[in-house]
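Visitor: One structure, as structure tokens, below. Some questions next.
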Amino acid sequence: MDPAPFRSLPGDPHPLARPFWLWAEDGVRLRAGHWASDRPRGSVLLFPGRTEYLEKYNALALDLCSAGLDVLAMDWRGQGLSDRLIADSRPGHIGSFSDYQRDVVELVVAANELDLPRPWHLLAHSMGGAIGLAALQDGLPVDSAVFSAPMWGLHLRPPTRLLAIAMTALAQRLRLDERAALGSGGYEPFVLKCPFEGNLLTTDPVRWGRFVAEAASWPELSLGGVTNRWLGQALAECTRLAALPSPDLPVLVGLGSDEAIVSARAIRSRVDGWAGAQLMLLPGARHEPMMERESVRTPFLRAILQHFGTVAHSV
């Protein structure tokens, strides 16, 4: 585990994360990070969403550490400081969604090498929720899971979804897989183009300001929209996951009432058919409940810790 860099903004406290490099079996270099608790009573495998990176979760990781949980996270391939997959590093890209499971394998190997305190829990946001559900299907060794706005479907009207499928298929035939998909946001970070009013991520102006400062200060960590290949693969993965049974473990799912990036219908459908799953509706929240105003974030974080704690006491 060779040391890796970790960014900070002026005025930030000294980072407590231990960042390091991992290598997937196909040679892709991945950046991971470990936050250690002083009084650990379990560990969280944190699966970030698309465009995200270790630094974005530093505040959350410190909250979890304060509650007695070690945290282990990584930059997925193609984003953050992990290897980018195409010559133009600006759009999000993936060859196959199954490639993300290669990253999960290395994260679990690292968790074992670090001897992370048990029980282990999964905390997954957005695209990380799709990766996390697939990993649970493959036997991810955790005792419970929390999903934040999981990407079990995209927020698209049926005609738009059919058009997206057709366009990504055409892009593949025309060898335009690596071009930014139409309507995906292009090549620049969303937070640098969109004003706070009307943004789809958070209603908290302070945290929105942090998003903007990070994107402006660390362009090497940022992503724009998605490629045609990523979009086609994401749509196919959501369809594949919808047909699979739900894993047998206790689950909490947080969903903002104003969600407009992932499909609330797909989330509700999955939870309704998942024995032991609980849906927590978060009034007024948008896509990032863990980075919302405190009236949303605090109750959700409290519910996460209670969920993990209940499982820890039963193990």
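The values are calculated or read from the model by the stated rules, or taken from the named source; none is laboratory data. Model, not experiment: these values are computed from the prediction. FYI the Cβ positions are ideal-geometry reconstructions off the backbone, even for glycines, and counts take in every protein chain you see.
Visitor: Identify the residue in the stretch 112-139 that is touching a helix residue (DSSP H, G or I) at 6+ places or on another chain (Cβ under 7 Å) and part of a loop (DSSP other than H, G, I, E, B) and, among all such residues, is surrounded by the most Cβ atoms within 10 Å (Cβ to Cβ).
Guide: Filtering first and then ranking leaves Pro119.
Visitor: Residue check, Leu192 against (1) assigned to a loop (DSSP other than H, G, I, E, B); (2) touching a Ser or Thr at 6+ places or on another chain (Cβ under 9 Å), all met but one. Which one?
Guide: (1)
Visitor: OK, next. Search the stretch 162-178 for residues being surrounded by fewer than 17 Cβ atoms within 10 Å (Cβ to Cβ) and under 24 Å from the mean Cα position of the chain (by Cα), and hand back the single one that is farthest from Gly232 (Cα to Cα).
Guide: Among residues in the stretch 162-178 that are surrounded by fewer than 17 Cβ atoms within 10 Å (Cβ to Cβ) and under 24 Å from the mean Cα position of the chain (by Cα), the one farthest from Gly232 (Cα to Cα) is Glu178.
Visitor: Look at the stretch 7-56 and say how many of its residues are within 27 Å of Trp208 (Cβ to Cβ) and polar (S, T, N, Q).
Guide: The number of residues fulfilling the criteria is 2.
Visitor: Anything in the stretch 125-161 that is over 19 Å from Asp272 (Cα atoms) and either hydroxyl-bearing (Ser, Thr, Tyr) or more than 14 Å from the chain's Cα centre (by Cα) (or both)? List them, or say none.
Guide: Across the stretch 125-161, the qualifying residues are Asp138, Gly139, Leu140, Pro141, Val142, Asp143, Leu156, Arg157, Pro158, Pro159, Thr160, Arg161.
Visitor: Among the residues of the stretch 260-293, count how many are without any contact (Cβ under 8 Å) to a residue 60 or more places away in the chain, within 27 Å of Leu62 (Cα to Cα) and outside any loop (DSSP other than H, G, I, E, B).
Guide: 6
Visitor: So which of Arg229, Arg302, Arg268, Arg286 ends up being in contact with a strand residue (DSSP E or B) (Cβ under 9 Å, 6 or more places away or on another chain), charged (D, E, K, R) and over 13 Å from Phe147 (Cβ atoms)?
Guide: Going through Arg229, Arg302, Arg268, Arg286 in turn, just one is in contact with a strand residue (DSSP E or B) (Cβ under 9 Å, 6 or more places away or on another chain), charged (D, E, K, R) and over 13 Å from Phe147 (Cβ atoms): Arg286.
Visitor: Of the residues Arg84, Arg41, Arg50, Arg7, which single one is of a type outside the set (A, V, I, L, M), part of a loop (DSSP other than H, G, I, E, B) and touching a Lys or Arg at 6+ places or on another chain (Cβ under 9 Å)?
Guide: So the residue among Arg84, Arg41, Arg50, Arg7 that is of a type outside the set (A, V, I, L, M), part of a loop (DSSP other than H, G, I, E, B) and touching a Lys or Arg at 6+ places or on another chain (Cβ under 9 Å) is Arg84.
Visitor: Take the residues in the stretch 174-199 that are in contact with a helix residue (DSSP H, G or I) (Cβ under 9 Å, 6 or more places away or on another chain) and among the aromatic types (Phe, Trp, Tyr); name whichever of them is nearest to Ala215 (Cα to Cα).
Guide: Among them, the one singled out is Phe190.
Visitor: I'd like to check something: does the stretch 54-70 contain any residue that is farther than 22 Å from Arg207 by Cβ and surrounded by fewer than 22 Cβ atoms within 10 Å (Cβ to Cβ)?
Guide: Checked against the condition, which is being farther than 22 Å from Arg207 by Cβ and surrounded by fewer than 22 Cβ atoms within 10 Å (Cβ to Cβ), the stretch 54-70 yields at least one hit.
Visitor: Return the total of residues in the stretch 10-53 being more than 25 Å from Trp218 (Cα to Cα), surrounded by 21 or more Cβ atoms within 10 Å (Cβ to Cβ) and either at pLDDT below 95 or among the hydrophobic types (A, V, I, L, M, F, W, C) (or both).
Guide: The qualifying residues number 1.
Visitor: In the stretch 5-58, which residues are small (Gly, Ala, Ser) and touching a Gly at 6+ places or on another chain (Cβ under 8 Å)?
Guide: Result: Ala17, Ser37, Gly42, Gly49.
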